[in-house]
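Visitor: The structure is given below, and queries will be raised subsequently.
Every read-out reported here was derived from the displayed coordinates using simple, explicitly stated rules and does not represent laboratory data. Small disclaimer: the values here were computed from a predicted structure and weren't measured. FYI the Cβ positions are ideal-geometry reconstructions off the backbone, even for glycines, and counts take in every protein chain you see.
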Amino acid sequence: MRGLTISAHGGLDRLELRDDLAVPALGSDTQVRVRIIAAALNHLDLFVVGGLPNVRIVPPWVIGSDATGTIEEVGAAVSGLGVGDRVLVNPGLSDRTCAYCLAGEQPLCARFSILGEHLPGTLTEQIVLPAANVRRVGADTDPAEGAAFTLSTLTAWRMLVTRAQVVPGEHVLIWGIGGGVAQACLQIAKLRGAHVTVTSGNDAKLERAVALGADETINHGGMDVGKEMRARTQKRGVDVVVDTVGEATWAQSLVALGRRGRLVTCGGTSGPMVTTDVRRLFWNQWSILGSTMGNDAEFDAVVEHFRAGRLRPPIDRVYPLDDARAAFERMASGEQFGKLVVRIAS
Ligand SMILES: [Zn+2]
């Protein structure tokens, strides 16, 4: 079986396409085996290649978290899925037995793990995973769109709907609209009836964000986005800020945030250590919200929007598996707008 692997951490030259991987076998009767048609890249993959603290890989380690595929084998205890069904993969696995899981909050599971990071990934021909981690979609689903959808959109849904609870008419500021989670946040915020301002350092990306539904744009190069948002909102500030940048943007995010505002984050690409003035936090009655991945109910919700065509991920380019490293190089360059997808099979 073919797959894109690493056997040591480092730069993208560590990526190795192998053809000697073993086809995985079902490990329990609640699992399914999926033949992967397309897999999509996430920034997480770059972190995995570079090495993450407390995450140990077993070479040859298959990377990748997102995928569309068809069911190849079904465990005896699985119902509602059959061989040949086209499915989307939720890469977040939980033990389904702890108190958080039993309360329906799988991403809080103490044994939560992610395909490609803690478990073998999706940039390969077949994968075994719990049936609870797949959802059936139409046989005519575009495999690239399906692969590009789940991780970003599920993450964004939990951030905006469950955590920040965006309601119609609210003003949402989203940093760095080139990223997959940011683009999914834009689409979901518009679906919720919000007014959305997005930032980028690239005017061409801002134009494309307008086509995706953004109401206002800011080129954040050399700009104090916090002050700009105060000026644009007659000093009121915005209701929700989506900040996945961290150190470089946190202070400006808080300047932009109005009273009763919510700042929601699922990462800090520029660095993890941020400073918050507690006096402004309590006086303005802000909520600082962390979020990661999504639970089963949120997976159901986003897949329903996907099936109905209301949420569709922008795709930058689709690469054959033989050129998968080029997809990683493009992601590392930050030039893409939309998801980078690797086609595994026809
Ligand atoms: Zn659990």
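Visitor: How far apart, in nm, are the 7 Å Cα→Cβ label points at F47 and N219?
Guide: Here the answer is 3.1 nm between the modelled labels.
Visitor: Could you grab the Rg to Rh ratio for the range 214-313? Cα atoms only, Kirkwood for Rh. Display every interim value, and only then the final one.
Guide: On the way: Rg = 15.6 Å, Rh = 15.2 Å.
Expressed as Rg/Rh, it is 1.03.
Visitor: Still on this structure: Compute the longest continuous run of the chain that contains no exposed GluC sites (Glu not before Pro); treat a site as exposed when its DSSP state is not H, G, I, E or B and it has at most 14 other Cβ atoms within 10 Å.
Guide: Details: sites that count: E247, E335.
Answer - 1-246.
Visitor: Here's something else I'd like to know. 7 Å from Cα along Cα→Cβ at both A8 and T70: what's the point-to-point distance in nm?
Guide: Roughly 4.0 nm, to one decimal.
Visitor: Taking the Cα atoms of the range 1-158, what is the range of coordinates along each of the three principal axes, in descending order and whole Å?
Guide: 42, 35, 29
Visitor: Shifting gears a bit: Taking neighbour Cβ counts within 10 Å as the exposure measure, how do L41, L26 sort from fewest upward?
Guide: Values: L41 29, L26 16.
Neighbour counts put them in this order, fewest first: L26, L41.
Visitor: If you don't mind, there's one more thing I want to ask. When the Kirkwood radius is taken over all Cα pairs of the chain, what Stokes-Einstein diffusion coefficient follows at 25 °C and 0.890 mPa s, in µm²/s? Intermediate values should be presented prior to the final figure.
Guide: Numbers: Rh = 20.5 Å.
Translational D for this selection: 119 µm²/s.
Visitor: Taking 25 Å as R0, compute the FRET efficiency from the Cβ-Cβ separation of R136 and T292 and round it to 0.05. Mind showing how you got there, number by number?
Guide: Details: r = 25 Å, r/R0 = 1.00.
Once rounded, the FRET efficiency stands at 0.50.
Visitor: For the range 71-138, with the dipole built from +1 on Lys and Arg beta-carbon atoms and -1 on Asp and Glu ones, taken about the Cα centre, which of A99, A110, V134 lies farthest toward the positive end?
Guide: Of A99, A110, V134, it is A99.
Visitor: So what does the Cα-only Debye profile of the range 195-267 read at q = 0.15, 0.18 Å⁻¹, as log10 I(q)/I(0), no solvent term?
Guide: -0.47, -0.69
Visitor: Please report the projected area of the range 136-175's Cα convex hull averaged over all directions, in nm². The partial results should precede the final answer.
Guide: Numbers: hull surface 16.9 nm².
One quarter of the hull surface, i.e. the mean projection, equals 4.2 nm².
Visitor: By count of other Cβ within 10 Å, fewest leading, how are L186, L191, L93 ordered? Could the numbers behind the result be given before it?
Guide: On the way: L186 26, L191 16, L93 20.
If I rank by nearby Cβ atoms, fewest first, I get L191, L93, L186.
Visitor: How far apart, in nm, are the 7 Å Cα→Cβ label points at L21 and K227?
Guide: 5.0 nm
Visitor: Arrange the following residues from fewest to most other Cβ atoms within 10 Å of their Cβ: V128, V241. Kindly include the intermediate steps, with their values, before the conclusion.
Guide: Numbers: V128 19, V241 32.
Lowest count first: V128, V241.
Visitor: For the range 85-233, how big is the tail of P(r) above 24 Å, as a whole percent of Cα pairs? Don't skip to the end; give the middle numbers.
Guide: On the way: 4976 of 11026 pairs.
Considering the range 85-233, 45 percent of its Cα-Cα pairs are separated by more than 24 Å.
Visitor: Turning to a different aspect of this structure: Once Rh for the range 1-92 is found with the Kirkwood sum over Cα pairs, what is the Stokes-Einstein diffusion coefficient at 10 °C and 1.306 mPa s, in µm²/s? Don't jump to the answer; show the numbers that get you there.
Guide: Numbers: Rh = 14.6 Å.
Diffusion coefficient, whole number: 109 µm²/s.
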